[in-house]
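The values are calculated or read from the model by the stated rules, or taken from the named source; none is laboratory data. Computed from a prediction, not measured in an experiment: that's the story for all the values here. When we count neighbours, we look across all protein chains shown, and the Cβ atoms used for this are built from the backbone with ideal geometry, even at glycine. Each accessible area value is taken on the protein alone, full model and side chains, heavy atoms only, with ligands, DNA and RNA left out. Shrake-Rupley method; radii C 1.70, N 1.55, O 1.52, S 1.80 Å.
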Amino acid sequence: MKISLVSEVEFKLQSVPFANFISHMLLKIHRVTWHCFRIVVPPPQILFPVPDEVAAADRDNSTGDPMLRTYLGCPLRIEMEAQDHLDFFDISINAVVDANGGALGPGLPTGAALTSSFCSPSSRAAVTGGDGPNFPVGPGPGYLSCTKVSRAMDWVPSQDQAGMQSRLCMRASAVSGHQVTWCVLLIVDKCRYCAKEGDTLVTIAQAFSSDWLQLFGANGGISDPNTLAYLQLINLGAMYQARAGDTLALLAARFLTTVEALALSNPDMQISANDELGAGTQICVLPGICRTAEYSAPSPS
């Protein structure tokens, strides 16, 4: 075998036994120079704005959280959107569950649910190989496939959640561990109710151990007690601020109602009939001023 120098970086290989195959082959041998460099992947820049309806709410004095108020039976939806400003890392939105009962709250209230995530892939994901100007690879686990995501929380408070106050924290996060969190205080105000399909003043009164005439008098805009609009807001009674020494038994006697009726409209108070309420406690009272034998349910019109 004979190797002759052709140039500084190129050699010609001649071999008699293999002359028919490689007699004119050029073997290029390039000089190798080591260069060290550092690859820096910037962290995601997560944008997770507080929804407008949450941001516009009044703030809680102790935590500074916005307070989002709703009523029994009224559908509540919170729409959320998050994205990686760099358009590279995938982002997900989830409720934070503080298993230790800490400040981040218990997660979604009972009955609430998150919709499926709607993902938008990165605009760079179109470059799926070759010598593209951005990325020579396509989407993979944790990047390029869901760099912008939208999701919503839907909730209809049930009757046993009247008076509830629960802190809900939502978090947008990337697989890198970076995250952004905001929180809202959900409050279900008492003494109001959103009518559902098929509700009448009679069925609502029965649910709250009241009388349809009492509700009729508390809702002056209703012309037909048997016909209520879907999600029509119904006043159930009046809020009463307890005085020192008040108990459920005393209030039941004072307002011509029962302890059981007070418990139905105030499920947040887990106390017995003769326990003192504490001055300033807010009680929803449905007075029994119309509960007499002379009144009966209205006939369907």
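Quick look at the values:
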| quantity | calculated |
| --- | --- |
| Test: residue in the stretch 286-299 that is surrounded by fewer than 19 Cβ atoms within 10 Å (Cβ to Cβ), modelled with pLDDT of 90 or more and out of contact with any Phe, Trp or Tyr (no Cβ under 7 Å at 6 or more places or on another chain) | no |
| Qualifying residue in the stretch 109-116 (condition: assigned to a loop (DSSP other than H, G, I, E, B), open to solvent by 40 Å² or more (accessible area, probe 1.4 Å), small (Gly, Ala, Ser) and modelled with pLDDT under 95) | no |
| Tally of residues being open to solvent by 40 Å² or more (accessible area, probe 1.4 Å) and modelled with pLDDT under 95 across the stretch 86-107 | 9 |
| Within the stretch 141-200, tally of residues that are under 22 Å from residue 90 (Cα atoms), of a type in the set (Val, Ile, Thr) and buried (at least 19 other Cβ atoms within 10 Å of the Cβ) | 2 |
| Odd one out for residue 234, checked against (1) free of Cβ contacts under 8 Å to residues at least 60 places away in the same chain; (2) farther than 19 Å from residue 76 by Cα | (2) |
| Pairs with Cβ under 9 Å, 6+ apart, first in the stretch 154-179 and part of a strand (DSSP E or B), second among the basic types (Lys, Arg) | 154/77; 155/77; 170/151; 179/171 |
| Residues of the stretch 38-72 satisfying the condition of being within 18 Å of the chain's Cα centre (by Cα) and in a loop (DSSP other than H, G, I, E, B) | 48, 49, 50, 51, 56, 57, 65 |
| Counted residues, the stretch 201-215 - those being part of a helix (DSSP H, G or I), buried (at least 20 other Cβ atoms within 10 Å of the Cβ) and of a type outside the set (A, V, I, L, M, F, W, C) | 1 |
| Test: residue in the stretch 268-278 that is part of a loop (DSSP other than H, G, I, E, B), farther than 20 Å from residue 165 by Cβ, touching a Phe, Trp or Tyr at 6+ places or on another chain (Cβ under 7 Å) and at pLDDT below 95 | no |
| Hits in the stretch 223-241 (condition: surrounded by fewer than 19 Cβ atoms within 10 Å (Cβ to Cβ) and part of a loop (DSSP other than H, G, I, E, B)) | 223, 224, 226, 227, 229, 230, 231, 232 |
